[in-house]
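As structure tokens, the structure follows; a few thoughts come after it.
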Amino acid sequence: MKRYLRLATLATIVGVAAVAVTACGHHRHDTPQEKAEWVIKKATRKLDLNADQQAKLKDVTDIFVQQHNERKTQRHQHFESVLTQITSPELDKAAIQSMFDEHQQHMAALAPAVIDKVAVFHASLNNEQKQELAEKLEKMKKYHHDDDYSYKEMIPFFGAYERQDLTTHR
């Protein structure tokens, strides 16, 4: 079961990363649908997707939009529950664990559908598009503060600061 959860989590991360790779800009979208449309538009431009590939990517984004909408109420309930826990005299560990368990069960149930859609989209990409996508993922990894990445390369105004200096002055 652990292996399945790890695989499901990895596949979900790959799916989200595929969407996020094209959505790394600081753009504001009012709805998940608008964000999904923007992702498809940007991926189409960056990866030179054809109509069939766009439709397959739309299938992937549709799952995320659908799940976002379905889980919205639950997210608000969990947030309220966490706020209640924080202000209580003693933290109810069982309640917090229950929320985590529920979320993991949901992710495990969602994973097969996401993996299938991501696999179909992946299979539709040619080698050049896959390489471009991999490069975008590497770039995204760098911008998300990979430990092997120098901050000096990412943000020029850090100047002569060393990586150690940045971590000690946070």
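Filter K42/K93; K58/K141; K56/K93 down to the pairs with a C-alpha to C-alpha distance above 31 Å, please.
Numbers: K42/K93 43 Å; K58/K141 24 Å; K56/K93 41 Å.
Correct reply: K42/K93; K56/K93.
The accessible area of E37, taken with all protein chains in place and a 1.4 Å probe, comes to roughly 120 Å². Accessible surface ranking for V120, V82, V39, 1.4 angstrom probe, highest first: V120, V82, V39. Modelled spin labels at Q74 and F100, positioned 7 Å past Cα toward Cβ, are 1.7 nm from each other. Annotation: Cα Rg of segment 70-136 relative to the compact-globule expectation 2.2 N^0.38 Å equals 1.74.
The values are calculated or read from the model by the stated rules, or taken from the named source; none is laboratory data. Keep in mind that what you see is a predicted model, and the values were worked out from it rather than measured. Positions of Cβ are backbone-derived with ideal geometry, glycine not excepted, and every protein chain shown enters the neighbour counts. Each accessible area value is taken on the protein alone, full model and side chains, heavy atoms only, with ligands, DNA and RNA left out. Shrake-Rupley method; radii C 1.70, N 1.55, O 1.52, S 1.80 Å.
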